[in-house]
Structures are given as structure tokens and as C-alpha cells.
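Participant: Pasting a structure here, questions to come.
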Amino acid sequence: MNKIFAGCGVGLFTLLTVLPVHAQEGATLVLLDGQRPSGELIDLNAGGFTLRTNGQERQYPANEVAAVEFVVGAPAPATQARIDAGQPLIVLRSGQVIEGRLFDIGGTRPLRLTIDTPSGQRDYTSNDVAQIYLYAPKRAAAPAEVPAQAAVPRGAIIVRGDQPWTKSGITVAKGERIEFTATGDIMIAANASSGIGGNPAVTSPAIRYPVLNSPVGALIARVGNRAPFAIGANTQPIAMPANGQLLLGVNDDYFSDNSGTYTVTLTRLRR
């Protein structure tokens, strides 16, 4: 009997060592500012990508992520040229390159990745995909200067249309009411412009904008890494959702073809 149990124990040990241990779903996010946080990719929702690192979950706004890497590696020169031209791409582990934009993440391990392609939505798994390129990486360049003739009101903030977020330079408290006064016009594509309220005519329901219920191009804001919220042409005071640094941005999913600025003045209201 002891030999039987011993044999079972050896067999069980052999089975456990032969079967693959199900590893965590690892990924690296390549941020537009050059940072590369790594961890377990959990989800993609209206607030952005959720990454778990050392047991702590953190959210990264989707419009600050240039790429998602399940396999770290530089793209081929021909692929890099397409990325630099602003084309969202999916590179499979087989080496195949697919034109498409990441729409959703679901499941557990492997993750289900839903991609919007020119021929419709297709599902892949994270076992199939090596890299997902969402935005062309930022190139080092001298910051654009505001034209001398564009007078900026004292205390105003210039929000550039070609970058996701602009620091306001102020820290707000949860519940504090801020009044936003904004003007300006930006180009959100080669042949499409937008004012601070956004452009509903070119807003696509298939695109996951930072603020889903707001038109593309609209003025938006966020506090710290919290979910962004709409400002648009609203002149009524807005209660701040949390404590932290206030950032201003443009409700868009792609910024390399944008130009122009919004001028925003903030007024703190007494409680």
C-alpha cells in the first residue's frame, strides 16, 4: 500500500511539473511622455487602461498611452514608418501587421482584444498579439511658441490641440467649484476644426474618446489620474471630483494631426 501511495505521489508531482503554470498576464504600457510602466493588464474602460503592479492597481488614461507591449521589441522600419504617419497598428507574434484600433479588452488570461479594422471588428487574444500601437510616438522638438499677435489674457492657460493634457499649475480640493472661461479653435484633422464645445459632426461613435458623452475636440479636464470630465462651452461652475492637480485637455483619441490652441481662464469660487 505504501508503494501505491508513493507511486501516486511521484505521479502527481510529475503531472504538476509537466503541466504549465498559468502565469500572470504581463504587459508594458508605453506612455507618450516616455515612461514604460509594466505589470498585469486588467482592463480598458472609459477611465483608461488598468494595470496591476506589485498588487496595486493604477489607471492610465487611454490618450496618454502610445503603445501596449505584450512582447517588448522595436517595430520593423516599414511598420515604424506607418506608426509615424499616424496609423494605429496591431503587430501579431507571427510578425503579421494589421491595420486597426484597439476597441476593448475583456476576459482574463489570455485577454480578449477587440480590434476595429477597416473590414469590421475582430477578436484576438493576448497570446496572438505582440504589440498594439495606438499613437505615433512624440518626437523631440522645440516647443511651439504662441504667436506674438495672439495676446493671452493675464492668468490664462494655453491648451494645445496637439497634446493630450496641459498642466494648469493649480491644485484643487474635492468639492471646490471652478468656473472655466475658454475661447479658441483647433484643427482636429486635416479638414475638420473644433471650438471648445467640440464638433459633433465628425464625432465617431466607434471611437473611445476620453469623455465618451462629449464631442470630439471639446475642452475637457481631469484631476490627477482621475477620470476626465467635460467642460466644453459650459460657463457654470464645476465641482472638482477630487483633491489634486488640475489638467486641461482636448477630447480626442489622436493628436499628431491636431493644431491650434484653446485659451482658458480659471476662477475659483468661494464655498
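The values are calculated or read from the model by the stated rules, or taken from the named source; none is laboratory data. Here the structure is a predicted model, which means the values were calculated and not measured. As a convention, Cβ positions derive from the backbone with ideal geometry for all residues, glycine included, and neighbour counts pool all protein chains shown.
Participant: Just checking, does the range 120-133 include any residue being within 18 Å of the chain's Cα centre (by Cα), among the aromatic types (F, W, Y) and modelled with pLDDT of 65 or more?
Facilitator: yes
Participant: Inspect the range 217-231 for any residue being touching a residue at least 60 places away in the same chain (Cβ under 8 Å), surrounded by 14 or more Cβ atoms within 10 Å (Cβ to Cβ), outside any helix (DSSP H, G or I) and in contact with a Ser or Thr (Cβ under 8 Å, 6 or more places away or on another chain) and give the result as yes or no.
Facilitator: Scanning the range 217-231 turns up no residue that is touching a residue at least 60 places away in the same chain (Cβ under 8 Å), surrounded by 14 or more Cβ atoms within 10 Å (Cβ to Cβ), outside any helix (DSSP H, G or I) and in contact with a Ser or Thr (Cβ under 8 Å, 6 or more places away or on another chain).
Participant: Does A81 meet the test of being assigned to a loop (DSSP other than H, G, I, E, B), free of Cβ contacts under 8 Å to residues at least 12 places away in the same chain and more than 16 Å from the chain's Cα centre (by Cα)?
Facilitator: No, not satisfied.
Participant: Scan the range 160-186 residue by residue and report those that are more than 18 Å from P61 (Cβ to Cβ) and in a loop (DSSP other than H, G, I, E, B).
Facilitator: Matches in the range 160-186: A173, K174, G175, E176.
Participant: Let me ask you something else. Consider G106 against the criteria (1) surrounded by fewer than 20 Cβ atoms within 10 Å (Cβ to Cβ); (2) of a type in the set (G, A, S); (3) touching a Pro at 6+ places or on another chain (Cβ under 6 Å): it satisfies all of them except one. Which criterion is unmet?
Facilitator: Here G106 clears every test but (3).
Participant: Answer with yes or no whether T203 is surrounded by fewer than 21 Cβ atoms within 10 Å (Cβ to Cβ) and under 18 Å from V159 (Cβ atoms).
Facilitator: No: the conditions fail for T203.
Participant: Same structure, new question: Search the range 27-72 for residues being in a strand (DSSP E or B) and acidic (D, E), and hand back the single one that is surrounded by the fewest Cβ atoms within 10 Å (Cβ to Cβ).
Facilitator: Taking the candidates together, the pick is E57.
Participant: For the range 45-60, give me each residue that is modelled with pLDDT under 85 and under 14 Å from the mean Cα position of the chain (by Cα).
Facilitator: N45, A46, G47, G48
Participant: Let me ask another. Please work out which residue is nearest to the chain's Cα centre (by Cα), limiting yourself to the range 187-216 and to residues that are under 21 Å from D116 (Cα atoms) and assigned to a strand (DSSP E or B).
Facilitator: Per the stated criteria, the residue is I188.
Participant: Hey, among the residues in the range 254-271 that are assigned to a loop (DSSP other than H, G, I, E, B) and touching a strand residue (DSSP E or B) at 6+ places or on another chain (Cβ under 8 Å), which one's nearest to P164 (Cα to Cα)?
Facilitator: N258
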